[in-house]
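What follows is one structure encoded as structure tokens, with my remarks underneath.
The values are calculated or read from the model by the stated rules, or taken from the named source; none is laboratory data. In this text, all values refer to a predicted model and were calculated from it rather than measured experimentally. Neighbour counts run over all protein chains shown; Cβ positions are idealised from the backbone, glycine included.
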Amino acid sequence: MSSARICGVSVVDVRTGEVAPGQDIEIRDGLIASIGPAAATAATAATAAATPAAAPRARTAGSASDNGEAGGATWDGTGLWAVPGMMDAHCHLSNSARPDVVQSLTFDLPSFYSIRAVKHARDVLRAGITAIRDVGGIYFTDVAIRDAVLQGLIEGPRVRAGGPSIRMTGGHGDVRYSPSFSHSIFQPADGVDEVRKAARRNLKYGADVIKVLSGSGGVGSGTDLDSAQYSEAEIAAAVEVARDAGKKVAIHSHSSKATKRGVRAGVASVEHGTYLDREAVDMMAEAGTFLVPTFIALRRILEHGAGEGIPAIMVERAKEADEIHLKSFQLALAAGVRVAMGTDAGTPFNLHGENATEIALMAEAGMSPAAALRAATIETAELLDWSDSLGSLEVGKRADIVLFDVDPLADLAAYRDTRHVRLVLKDGAVCRDDLTR
């Protein structure tokens, strides 16, 4: 039996937005065993100590090493805030975040995608993101990363893997490349039968979720953002295949038209949602469809611009979309649409490890800081089907815990600067420890 304790920390309840100061968190065998004032948890610890168990690995209290068992470790949490491990529902671990993403697609070897993804997985984990959904893993690198993490071969967050996104001929992801390149990597699917087969193929190779590119590409594409591509019947075919396997479908959609088709077809989440009208958000709210806004993707393009190598068309279209995206998000909030946190990490200058910045951006876009943190924890956990074990600091849940040295409900700098992250635990194991150095 392994055990550890965080003493005197302020615990953030993501369900209520309340903070309980001076709490001890007891961890046993990767689970949260108790949370409460020091006296209460001390009694619990005494009971546990009286129970015969295998001796933990020798370790000085408070000196647990990175990516190691926290057996016997004790951390002083005074002046620190504890939140659940945060989650990113939309990232691309194998993508490079280069100014021009086409360079990676056309020049990098398939094996290099996996090597790059290994580094990105560690960067994400050390930043306090303990679970992700990779929606668009070229060459199924996301499946490989998921399995390597589960087998203990590499450090990384839990992964829900999507495999390659399903796209139509001439649609998002099939516009700018030569015919031989496009078909060898993306394998476009047209019509109900081909979409159904593509979804089954992804499941065959281990996908946990099906990603359908149902609308125009991002700001770098040559098509109108406020347009639709796949038909409702085609999207519904993917949803049927996914549901039969106990999985969900996420759609890439900037437009209201594509979003409405997806909601009627039964998708679980809408990624981006840049151009949403009132009917679209009302439909999402009624169906319980999640919105994953990915503000940071546009923001990084606007911050760096063409002067740092981003194609001019991307910069101009980002400028056009930025204000509209904000209004769409606020319309969705007013309608009661559920929001999950996602970053699109891997797009230009959208670095893996800076994922939590999205929480600050959602708060600045109209959510309260508590609601934004909730979106990045318990709400995303529900979308990713992990809410029974992750997403909140509760007894019996996995000990995915992040400690900040500033109050994340009062100071959004907690999310923008990863130096404010002082401790990261995943399943009670130490992934980052800046407290004992």
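Checking Ala429, Ala413, Ala381 one by one, the residue that is in contact with a helix residue (DSSP H, G or I) (Cβ under 9 Å, 6 or more places away or on another chain), at pLDDT 95 or above and small (Gly, Ala, Ser) is Ala413 and no other.
In this structure, Ala148 qualifies as without any contact (Cβ under 8 Å) to a residue 60 or more places away in the chain and of a type in the set (Gly, Ala, Ser).
Condition test on Gly206, is it modelled with pLDDT under 95 and touching a helix residue (DSSP H, G or I) at 6+ places or on another chain (Cβ under 7 Å)? Write out each step before concluding.
Working: modelled with pLDDT under 95: no; touching a helix residue (DSSP H, G or I) at 6+ places or on another chain (Cβ under 7 Å): yes.
No.
If the condition is being touching a strand residue (DSSP E or B) at 6+ places or on another chain (Cβ under 6 Å) and free of Cβ contacts under 8 Å to residues at least 24 places away in the same chain, then the range 415-435 contributes His420, Asp434.
Only residues that are in a loop (DSSP other than H, G, I, E, B) and crowded, with 21+ Cβ neighbours inside 10 Å were counted across the range 116-151, and they come to 5. Considering every residue within the range 318-327, establish whether at least one is buried (at least 20 other Cβ atoms within 10 Å of the Cβ) and in contact with a Pro (Cβ under 8 Å, 6 or more places away or on another chain). So far as the range 318-327 goes, yes, one or more of its residues are buried (at least 20 other Cβ atoms within 10 Å of the Cβ) and in contact with a Pro (Cβ under 8 Å, 6 or more places away or on another chain). Restricting to the range 225-254, what's the tally of residues that are at pLDDT 95 or above, crowded, with 24+ Cβ neighbours inside 10 Å and among the polar types (S, T, N, Q)? Of the residues in that region, 1 qualify. Would you be able to say whether some residue in the range 339-355 is within 26 Å of Thr377 (Cβ to Cβ), hydroxyl-bearing (Ser, Thr, Tyr), crowded, with 20+ Cβ neighbours inside 10 Å and touching a strand residue (DSSP E or B) at 6+ places or on another chain (Cβ under 8 Å)? Taking every residue of the range 339-355 in turn, at least one turns out to be within 26 Å of Thr377 (Cβ to Cβ), hydroxyl-bearing (Ser, Thr, Tyr), crowded, with 20+ Cβ neighbours inside 10 Å and touching a strand residue (DSSP E or B) at 6+ places or on another chain (Cβ under 8 Å). Within the range 71-90, track down each residue that is under 13 Å from the mean Cα position of the chain (by Cα) and of a type in the set (A, V, I, L, M). Passing the criteria: Met86, Met87, Ala89.
Among Asp407, Asp385, which is the only one that is assigned to a loop (DSSP other than H, G, I, E, B), closer than 22 Å to Phe290 by Cβ and outside the structural domain of Ile129 (by TED's automatic domain parsing)? Lay out the reasoning, then the answer.
Details: Asp407 fails: closer than 22 Å to Phe290 by Cβ.
Sole residue among the options that is assigned to a loop (DSSP other than H, G, I, E, B), closer than 22 Å to Phe290 by Cβ and outside the structural domain of Ile129 (by TED's automatic domain parsing): Asp385.
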